[in-house]
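Report on the structure given below.
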Amino acid sequence: RMRHAMGRYGFEKLSDLQHRVIHDPAFFAEAMQYFTVQVSEMFRDPTYFAALREHAMPVLKTYPSVKVWIAGCSTGEEVWSMAILLEEEGLLDRAVIYATDINPAALEAAESGMFALDRMALFSRNYQAAGGRRSLSDYFTTGYGGAVFDRRLKKQVVFADHSLATDAVFSEVHLVSCRNVLIYFNRELQDRAVGLFHDSLVRRGFLGLGAKESLQFGAHAEGFEPCAPLERLYRKTAA
């Protein structure tokens with residue numbers, strides 16, 4: 001990604017790119033598109049969402065209100081997936097979803113709820129495999145080569161700029177879903193992020209990670225126990 005940015009902007013040395021990023025705020029914002037990964041899909045890893053439906057949703061229904069934090073939400077595919085899941089479980093009206101990322105352009109795309117029409121077939125297959133109870137097309141309208149999701153799904157979502165490297169916790173969250181973000185972090189930053197999640201979660205709250213991510217050997221491994229280990233779904237320990 002660094003090489004791609006160097007070629008795009010005509011830098012011969014990495015130090016030249018570094019200097020420009022540090023001293024030119026406008027360039028920093030533009031270069032962010034090269035340095036962050038914006039690849040996702042709705043109901044990605046359907047068995048993860050099926051595990052949420054089976055293990056987490058019955059517990060969340062016991063709370064009068066629910067807070068969900070989607071950290072590193074990228075362009076919003078997981079945000080809209082989570083909103084649909086909560087809607088189908090009768091929880092959306094009493095839930096708040098915090099959708100955070102460090103990339104302003106990604107957050108803007110996420111909030112728009114607009115996706116290319118040619119992606120909807122894959123999204124629909126994932127939705128059905130995740131245990132969807134309707135047709136995904138019930139949740140969006142099409143036009144001008146794209147699909148736009150129902151604005152009603154967004155009414156409980158708060159989109160915000162947040163860095164897992166520098167910012168503080170959200171408080172009293174019942175579910176944190178941070179998938180395919182930690183794989184880009186070194187161990188120190190992974191431990192910081194998982195520490196944020198642990199401190200944000202209510203007692204026995206849920207944490208979901210990506211398929212290639214694990215809490216094993218991390219500084220906070222003892223703070224969680226597996227709930228659906230094959231799907232990387234954990235619960236905060238009672239202690």
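The values are calculated or read from the model by the stated rules, or taken from the named source; none is laboratory data. Computed from a predicted structure; not experimentally measured. Heads up, the Cβs are rebuilt from the backbone with ideal geometry, glycines too, and the neighbour counts pull from every protein chain shown. These area figures cover heavy atoms from the full protein model, side chains too; ligands, DNA and RNA do not enter into them. Shrake-Rupley method; radii C 1.70, N 1.55, O 1.52, S 1.80 Å.
Taking a virtual spin label 7 Å from the Cα of Leu189 along the C-beta vector, which residues in segment 10-47 bring their backbone nitrogen under 13 Å of it?
Answer for this model: 35-37.
If you roll a 1.4 angstrom probe over the protein chains with everything in place, what fraction of the accessible area of the chain belongs to carbon and sulfur, to the nearest %?
54 percent
Between rounded, prolate and oblate, where does segment 60-123 land on the alpha carbon gyration tensor, with a ≥ b ≥ c its root eigenvalues, rounded for a/c under 1.5, else prolate if a/b exceeds b/c?
oblate
Out of all DSSP beta bridges with both ends in the chain, state the antiparallel percent to the nearest 5.
40 percent
Over the alpha carbons of segment 46-236, what is the largest minus smallest coordinate on each principal axis, giving the biggest first in Å?
Result for segment 46-236: principal-axis Cα extents of 48, 34, 29 Å.
For the chain, what does -39500 (n - 2.57) per DSSP helix run (n ≥ 4), summed and divided by total residues, give at 222 nm, in deg cm²/dmol to the nearest 500?
Theoretical 222 nm ellipticity from helices: -10000 deg cm²/dmol.
Can you count the Lys pairs in the chain with C-alpha separation below 24 Å, eight or more apart or on different chains?
Lysine pairs meeting both conditions in the chain amount to 7.
Could you do me a favour and compute the accessible area per residue for the chain, 1.4 Å probe, result in Å²?
I get 49 Å² per residue for the chain.
Using a 1.4 angstrom probe and counting only protein chains, how large is the accessible area of Asp167 in Å², to 10?
So the heavy atoms of Asp167 present about 50 Å² to solvent.
Could you pull out the longest piece of the chain with no exposed loop trypsin sites (Lys or Arg not before Pro) in it, calling a site exposed if DSSP puts it outside H, G, I, E, B and it has at most 11 other Cβ atoms within 10 Å?
Longest stretch, sites excluded: 14-154.
Using the beta-carbon distance between Glu172 and Glu41 and R0 = 41 Å, what value does 1/(1 + (r/R0)^6) give for FRET efficiency, to the nearest 0.05?
0.85
How far apart, in nm, are the 7 Å Cα→Cβ label points at Glu54 and Asp161?
Once both label points are built, they end up 4.1 nm from each other.
List the chymotrypsin sites (Phe, Trp or Tyr not before Pro) within segment 184-218 that DSSP assigns to loop and that have no more than 12 neighbouring Cβ atoms inside 10 Å.
Hits after loop and neighbour filter: Phe217.
Looking at segment 21-101, which chymotrypsin sites (Phe, Trp or Tyr not before Pro) are in a loop (DSSP not H, G, I, E or B) and have at most 13 other Cβ atoms within 10 Å?
Loop-located and lightly packed - none at all.
Tell me which residues come under 5 Å, amide H to amide H, from Phe224 once H is placed; ignore anything under 5 positions away on its chain.
Thr237
DSSP loop GluC sites (Glu not before Pro) in segment 1-96 with at most 13 other Cβ atoms within 10 Å of their Cβ, which ones?
Glu12
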